[in-house]
1. Looking at segment 72-123, which trypsin sites (Lys or Arg not before Pro) are DSSP coil and have at most 15 other C-beta atoms within 10 Å of their C-beta?
2. If we count every other residue with Cβ under 11 angstrom of residue 133's Cβ, Lys/Arg +1 and Asp/Glu -1, where does the sum land?
3. Compute the label zone of residue 129 within segment 64-85: residues whose backbone N is under 17 Å from the point 7 Å along Cα-to-Cβ.
4. Would you kindly calculate the mean projected area, averaged across all directions, of the convex hull enclosing the Cα atoms of segment 94-164, in square nanometres?
5. What ranking do 266-272, 293-299, 150-156 get when scored by the average of other Cβ atoms within 10 Å per residue, highest first?
6. Say R0 is 22 Å: what FRET efficiency, to the nearest 0.05, do residue 181 and residue 58 get from their beta-carbon distance?
7. What spacing in nm lies between the two simple spin-label points modelled at residue 226 and residue 34, each 7 Å away from Cα in the Cβ direction?
8. What is the local net charge at residue 31, summed over the other residues whose Cβ is closer than 15 Å to its Cβ (Lys, Arg +1; Asp, Glu -1)?
Amino acid sequence: MLGSTDDTTTGADVLASLPSLVAREPSVPEAAPEEGRRRFRTIWISDVHLGTKGCNAALLIDFLDNVDSDTMYLVGDIIDGWRLKKKFYWPATHNDIVWRILKRAKRGTRIIYIPGNHDEMFRQFTGLNFGGVEIKRAAFHDTADGRRLMVLHGDEFDTVMLAHRWLAFVGDALYVSLMGLNRWVNSARRRLGMPYWSLSKMAKHKVKNAVEFISKYEEVVARAAAERKVDGVVCGHIHTAEFRNIDGIEYWNDGDWVEGCNALVEHFDGRMEILHWPEEIAKREAARAASAEQALVAVRNPGLAAAA
Ligand SMILES: [Mn+2]
């Protein structure tokens, strides 16, 4: 059962409890933005790591409440079964995310879930459909402008098993403390009214080996896509949002919701874009502040507003 503290919970238990979950109300009520949700043809997210403290549930809830799409791909490592096995951690906000995803399926969004290595316990359900969520091992996506993209989590190309994380280079313990520091810094920044800032995003680009590993991984994935005669590939796994054109093959990585908080979206004309959600929130808030100021000017000076 979701929400219980029983450490014998299995993937099947979690899946079995999903239909009853959607009947309940979430702990964080769904927000309905005044300006409406931003609509995309397709959204890809991955590496959410529900069931760990690293998961940035608040930002993901904000994302889900402010966007909508015809199709949404969950590109793996959505639930972290590895960590859940060691220590059961499942706050109400993690239920809220599952609730929002199932709600979208109910409202008619096509949802395709491609389990990754951390949620490999769901791979046994490949081909099945749970509450409108199709479980697949990999998928092919045709963009509005006719490109064919292969969609997979990407751990299958992590040959060295360097892992799900770039930090094989710096060690798991350091990563955990870095993430702890990241949370601490950001809660302080939030209190001060400052926007979210990714500590490890900066650190990652400064570690030479990590940069080399990431670049090599991207090339291996792009080569595999070329062999399958597709135009490009969408994956996750290494927690590094990126677009590269590698020998004519598009490599898209949708990032993660542990530190980067990114999503990949396809607009209705087929154009694709990586969204860094903390930046999108900052833009949204700046736009709201500007329109509030305009409204204030209009109230104080009706003649000026009419002229404009
Ligand atoms: Mn992974």
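Here, each number is a calculation from the coordinates, and none is a lab measurement. This structure is a prediction, so every number in the text was calculated from the model and none was measured. Reconstructed Cβ throughout: ideal geometry from the backbone, glycine too, with neighbour counts over all protein chains shown.
1. Working: sites: 83, 85, 86, 87, 100, 103, 104, 106, 107, 110, 123; in loops: 87.
For trypsin sites (Lys or Arg not before Pro) across segment 72-123 that sit outside H, G, I, E and B with at most 15 neighbouring Cβ atoms in 10 Å, the list reads 87.
2. Values: positive: 104, 106, 110, 136; negative: 134.
Taking every Cβ under 11 Å from that of residue 133, the sum is +3.
3. It comes to 70-74, nothing else.
4. The directionally averaged projection comes out at 6.2 nm².
5. Sorting 266-272, 293-299, 150-156 by mean packing, highest first, produces 150-156, 266-272, 293-299.
6. Once the sixth-power term is evaluated, E becomes 0.75.
7. Output for this residue pair reads 5.1 nm.
8. Taking every other residue near residue 31 into account, the sum is -3.
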